[in-house]
Each structure stands twice: as C-alpha cells, then as structure tokens.
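S.K.: I'd like to ask you about the structure that follows.
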Amino acid sequence: MNSKITYAKVGIDIDKIKSFHEVIKKLTESTLHNAREYKPVLGCGHYAAVIDVGCDKLIALHVDGVGTKVLISQMLDKYDTIGFDLVAMHVNDLVCIGAKPIALVDYIAVEKFDKKMLVDIMDGLCKAAKEAKIMIVGGETAVMPDVIRGVDGKGYDLSGMSIGILDGEQIITGEKIVPGDIIIGLESSGIHSNGLTLARKVLLEKAGFKVHDVIPELGHSIGEELLKPTRIYSNVILDILSEVPVKGLAHITGGAFTKLRRLNNKVGFDLGKMPKPPAIFKLIQEYGNIDTCEMYRTFNMGIGFCIIVDSSHSRKVVDTCTINGVRAYIIGKVTSEKGVINIRNEEMKSPVTV
C-alpha cells in the first residue's frame with residue numbers, strides 16, 4: 001500500500017500557517033493607530049482589510065498572488081491566462097466582505113527579461129480586468145536573476161494589491177449566520193489557484209505524467225487542466241448582493257472548505273449535498289492515495305465559492321447565478337454542531353469532517 005500524501009508532507013502545513021497568522025495578527029495590531037486620522041474597520045482574519053477614510057467611505061484592501069501555478073505555465077511555456085488568475089483571486093476575495101472591487105496594481109518578478117512572456121501575462125490581466133470591471137492602475141516589474149528561479153530559465157512570480165469600496169452597512173463578516181441558513185455552492189472552473197503544489201507532486205512526480213500527456217478522463221492534457229483560469233465570481237455576487245440579504249460569503253481557496261469556519265465559529269456547516277467532484281480531483285486522490293478529508297481541506301472539489309443566506313432567499317440566489325451563466329447548487333445548511341461536517345457526495349460511503 002502506498003503511503004498517503006498530505007499537503008503538509010509536500011511542505012504546505014495549513015495548521016502551522018494558521019497558527020502563524022495569529023502571530024502576524026498580534027504584531028500588526030500594534031500598528032493600527034499609527035495613522036490617527038483614519039481607523040481600521042476590519043483587520044487580519046478576514047478576506048480583506050477595511051479602513052474608514054472619512055466622508056462615509058470605506059476602502060477594502062487585499063494582497064494576493066497565484067502561487068505555484070506559475071510553474072505550470074512555465075512548463076507549458078504559456079502565459080496568457082495566469083494574469084486572469086491573479087485578477088480572479090483578488091476580486092473574488094474582495095467581494096466576500098461585500099466590497100465592490102475597483103482597481104489593482106500588479107507586481108511581476110522575473111528571472112530574466114522576456115518581452116513576450118510579460119506581454120502575455122499583461123494580456124491575461126487586462127482581459128480579466130475587463131470581465132471583472134476593474135481598473136489596472138499601475139504595477140512594478142523587477143528582473144532578479146539572483147532571486148527568481150524557474151523552469152528552463154523562465155522563472156517568474158506574479159502578485160498584486162487591490163482595492164474595493166463599500167459602506168458600513170455593506171460589510172459582510174458572517175456574524176449573522178444562524179443554524180438553518182442555506183449554503184449554496186458555485187461551480188468552479190477547475191483547480192483554480194490553490195493546491196497546485198500537491199497536485200504537481202502527485203501527478204507530475206509520483207504518477208509520472210508529463211504536462212503534455214492527454215488524459216482521457218479530462219479530454220485534454222494534464223497541463224491544460226491545471227492551467228485553467230480561476231473563475232471570476234465577483235459580478236454574480238454583486239448582483240446577488242443587490243437583490244437579497246446575504247449572511248456569509250466564502251471564496252474556496254487555500255484551506256478549501258475550512259474557510260467556512262472563518263465566517264462564524266459559533267455554528268457549523270453541514271455540506272451533505274456536495275456534488276460529484278470533477279475528474280481532476282479524482283485523479284489527484286487516486287494517484288496520491290490521499291484521504292478524502294485531506295482533499296476537502298486542500299482543493300475546491302468543484303465548488304469555488306459559497307453563499308450563505310436565509311432559506312427564503314436560496315431559490316433567488318440559484319436563479320440569479322443561472323442567469324449569469326454560473327451553475328449553483330444547494331450544498332448544505334448551517335447547523336448548531338460546530339465545524340465543517342458531513343461532507344458527502346454520491347461516491348462517498350461515509351461522511352467526512354474537515
């Protein structure tokens with residue numbers, strides 16, 4: 001029997017990272033009164049920070065990157081979608097607190113100057129910005145051969161900082177979530193931009209696939225599947241926010257469905273109606289001999305975003321998603337039993353708790 005692989009074993013220990021976040025929170029809290037004329041509304045621990053800048057205006061701030069997905073693009077020598085991922089990661093997180101994303105600045109660090117690579121990355125950024133209806137208002141490009149290393153000299157890293165706007169009544173933190181509320185899951189476009197380290201270790205190293213190998217279950221190559229751009233949810237979420245009172249929003253990224261606990265730790269989240277995971281996740285689990293619990297702690301498993309509303313509004317949310325071309329499922333409900341529990345789909349013999 002092959003030994004089981006976990007995210008921690010490949011160098012990404014989610015529990016240790018979460019404990020480090022508590023250290024960061026304590027350190028950064030000591031700076032919160034440095035700018036006396038402004039005040040923080042939300043700090044560490046949410047999808048974005050929020051600052052009151054006066055005149056009834058709140059600004060949401062977010063910083064993010066695309067992780068080791070850049071290595072897949074280097075292996076394929078394809079760079080025109082990775083910028084799309086960056087924008088999606090930003091706007092999807094900003095909207096989780098009710099903010100309307102408005103602008104982003106990017107940071108690209110490269111191993112060596114490659115004009116075509118940089119133009120392709122920017123092309124993806126701009127396409128995504130148009131879809132998400134935000135501006136790219138600046139950025140920085142750094143050539144650092146002594147720092148950045150990649151595949152065949154094509155190394156780069158991509159990150160950015162974004163802002164959104166909102167007022168105090170718009171802020172969504174999850175504190176209003178109560179047992180009986182409905183959890184709606186929005187379909188992902190694939191693996192998105194999290195869990196790529198584990199996926200690479202399993203599929204490209206342990207299983208021995210090459211990025212150009214075509215897999216019948218996928219209908220295309222491993223590389224194409226892993227490089228699929230992250231879906232932008234912000235437009236449909238903003239539409240939903242204008243129509244119904246939403247209690248909680250979760251972008252399913254690092255930590256996967258444990259993200260739901262961030263919204264409200266006084267309740268639980270019963271995900272007993274999860275749909276069947278897409279083929280890519282079944283491949284990763286099979287070849288990596290990965291526990292189902294670990295899969296739902298690491299990957300989105302086909303659900304990239306969760307919306308929590310009162311049961312009376314669930315049908316309206318699903319209908320709005322359908323109108324916007326996003327498939328949505330009622331995947332569970334909020335419970336008084338704490339934690340993320342009873343994750344189940346049609347192929348599971350028993351429920352899973354994460």
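The values are calculated or read from the model by the stated rules, or taken from the named source; none is laboratory data. Here the structure is a predicted model, which means the values were calculated and not measured. Here the Cβ is made from the backbone with ideal geometry for all residues, glycine too, and neighbour counts use every protein chain on show.
S.K.: If you check Thr298, Thr353, which single one turns out to be surrounded by fewer than 24 Cβ atoms within 10 Å (Cβ to Cβ), touching a residue at least 24 places away in the same chain (Cβ under 8 Å) and closer than 28 Å to Gly45 by Cβ?
M.R.: Thr353 is the lone residue from the list that is surrounded by fewer than 24 Cβ atoms within 10 Å (Cβ to Cβ), touching a residue at least 24 places away in the same chain (Cβ under 8 Å) and closer than 28 Å to Gly45 by Cβ.
S.K.: Okay, next question. Across the stretch 285-295, which residue is surrounded by the fewest Cβ atoms within 10 Å (Cβ to Cβ) among those that are in contact (Cβ under 8 Å) with a residue 12 or more places away in the chain and among the polar types (S, T, N, Q)?
M.R.: Let us first name the residues in the stretch 285-295 that are in contact (Cβ under 8 Å) with a residue 12 or more places away in the chain, namely 287-295.
So of that shortlist, the ones also among the polar types (S, T, N, Q) come out as 289, 292.
On the way: Asn289: 13, Thr292: 20.
Per the criteria, the residue is Asn289.
S.K.: Let me ask you something else. Quick test for you: out of Met348, Met301, Met295, pick the one residue that is under 24 Å from Gly195 (Cα atoms), assigned to a loop (DSSP other than H, G, I, E, B) and in the same structural domain as Pro245 (by TED's automatic domain parsing).
M.R.: None of the others qualify; the one that does is Met301.
S.K.: Please report, ordered by residue number, the helices (runs of 4 or more DSSP H) entirely within the stretch 181-258 with at least 3 residues that are within 26 Å of Val63 (Cβ to Cβ).
M.R.: Those helices (runs of 4 or more DSSP H) span 196-200, 234-241.
S.K.: Looking at (1) under 14 Å from Ser162 (Cα atoms); (2) touching a Lys or Arg at 6+ places or on another chain (Cβ under 7 Å); (3) not in a helix (DSSP H, G or I), which is the one condition that is false for Gly45?
M.R.: (1)
S.K.: Please identify the pairs in which a residue from the stretch 130-142 that is in the same structural domain as Thr81 (by TED's automatic domain parsing) has its Cβ atom under 6 Å from the Cβ atom of a residue that is loosely packed, with under 15 Cβ neighbours inside 10 Å and polar (S, T, N, Q), counting only partners at least 6 apart or on another chain.
M.R.: From the stretch 130-142, no pairs qualify.
S.K.: Going by the conditions given, is Lys282 surrounded by 18 or more Cβ atoms within 10 Å (Cβ to Cβ), part of a helix (DSSP H, G or I) and on the phi < 0 side of the Ramachandran plot? It would help to see each step written out before you state the result.
M.R.: Working: surrounded by 18 or more Cβ atoms within 10 Å (Cβ to Cβ): no; part of a helix (DSSP H, G or I): yes; on the phi < 0 side of the Ramachandran plot: yes.
Spelling it out, it is not the case that Lys282 is surrounded by 18 or more Cβ atoms within 10 Å (Cβ to Cβ), part of a helix (DSSP H, G or I) and on the phi < 0 side of the Ramachandran plot.
S.K.: Here's something else I'd like to know. Hey, does the stretch 106-118 have a residue that's under 30 Å from Cys55 (Cα atoms), touching a His at 6+ places or on another chain (Cβ under 6 Å) and modelled with pLDDT of 95 or more? Steps first, please.
M.R.: Going residue by residue through the stretch 106-118, those that are under 30 Å from Cys55 (Cα atoms) are 106.
Then drop every residue that is not touching a His at 6+ places or on another chain (Cβ under 6 Å), which leaves none.
So far as the stretch 106-118 goes, no, none of its residues is under 30 Å from Cys55 (Cα atoms), touching a His at 6+ places or on another chain (Cβ under 6 Å) and modelled with pLDDT of 95 or more.
S.K.: Could you pull out the residue among Asp85, Asp52, Asp64 that is farther than 23 Å from Glu225 by Cβ and either in contact (Cβ under 8 Å) with a residue 12 or more places away in the chain or not polar (S, T, N, Q) (or both)?
M.R.: Asp52
S.K.: Given the criterion at pLDDT 95 or above and surrounded by 21 or more Cβ atoms within 10 Å (Cβ to Cβ), identify the matching residue among Asp157, Asp239, Asp181. Explain how you work it out, then say what you get.
M.R.: Details: Asp157 fails: surrounded by 21 or more Cβ atoms within 10 Å (Cβ to Cβ); Asp239 fails: surrounded by 21 or more Cβ atoms within 10 Å (Cβ to Cβ).
After ruling out the rest, the residue left standing is Asp181.
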